[in-house]
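Trainee: Mind looking over this structure? Questions follow.
Just so it is clear, none of the values below were taken in a lab; they were calculated from the coordinates. This is a predicted model, so every value here is computed, not measured.
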């Protein structure tokens, strides 16, 4: 006994639903692969003029970074890098670029990581809160006193953000969530499935 065929409009709706489900599954995977391939080709391309074999430039660059990190762990090399750091900081024109980039990387992965204290910050309206990260509790340079702190608020789907200097009583610590999860929630506009407590 043959089953009745669904009406064309129902068939189209089903096909559209399957299409969007396919997009939702494939788009994140595809974009992740494209990003990784782009990063691989950029790093591999740094030595393209000297290395003929694809992938070898990537391995050499990666190995060099690991080797520098290994050397930097030794005391005498740390002293040498410290002297180089001081020289770059005192070189006119170079100082601003170098110190800004150094502090940026240290804020994320260095010993002076700044994005480790998640907070809710109230800036514009009484009961409107933004997700941010407490970056400094010492604002003496700005002559604001101990009652003020600096909070960095990342923007959703963007690499930018905004720095606010606010009164201490306008922030609420978010201590029950991991900073990485809070950052993911903020930069995705709150569309992540879940943010697990620590």
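Trainee: Can you tell me the 0 to 90 degree angle between the C-alpha axis of helix 94-109 and the longest principal axis of the chain, rounded to 10?
Mentor: It is inclined by approximately 60 degrees.
Trainee: Further question: Tilt of helix 8-45 relative to the longest C-alpha principal axis of the chain, in degrees (0 to 90, nearest 10)?
Mentor: So the inclination is approximately 30 degrees.
Trainee: Tell me, what are the semi-axes, in whole angstrom and largest first, of the equivalent ellipsoid of the chain as set by the roots of 5 times the Cα gyration tensor eigenvalues? Write out the running numbers ahead of the final one.
Mentor: On the way: eigenvalues 354, 215, 38 Å².
Sorted largest first and rounded, they come to 42, 33, 14 Å.
Trainee: Tell me, Kirkwood radius of region 118-187 from alpha-carbon pair distances, in Å?
Mentor: Kirkwood hydrodynamic radius for region 118-187: 12.4 Å.
Trainee: Percent relative contact order of the chain, based on C-alpha pairs within less than 8 angstrom and at least six residues apart? Write down the numbers at each step before the final one.
Mentor: On the way: 193 pairs, mean separation 20.6, N = 198.
Relative contact order for the chain comes out at 10 percent.
Trainee: Now for a separate question. Just to check, using Stokes-Einstein with a Kirkwood Rh over alpha carbon pairs, what's the diffusion coefficient of region 27-101 at 10 °C and 1.306 mPa s in µm²/s?
Mentor: Details: Rh = 15.1 Å.
Stokes-Einstein gives a translational diffusion coefficient of 105 µm²/s.
Trainee: Using only the alpha-carbon atoms, how far is helix 75-90 inclined from the longest principal axis of the chain? Give it as 0 to 90 degrees, nearest 10.
Mentor: Relative to the chain, helix 75-90 is tipped by roughly 90 degrees.
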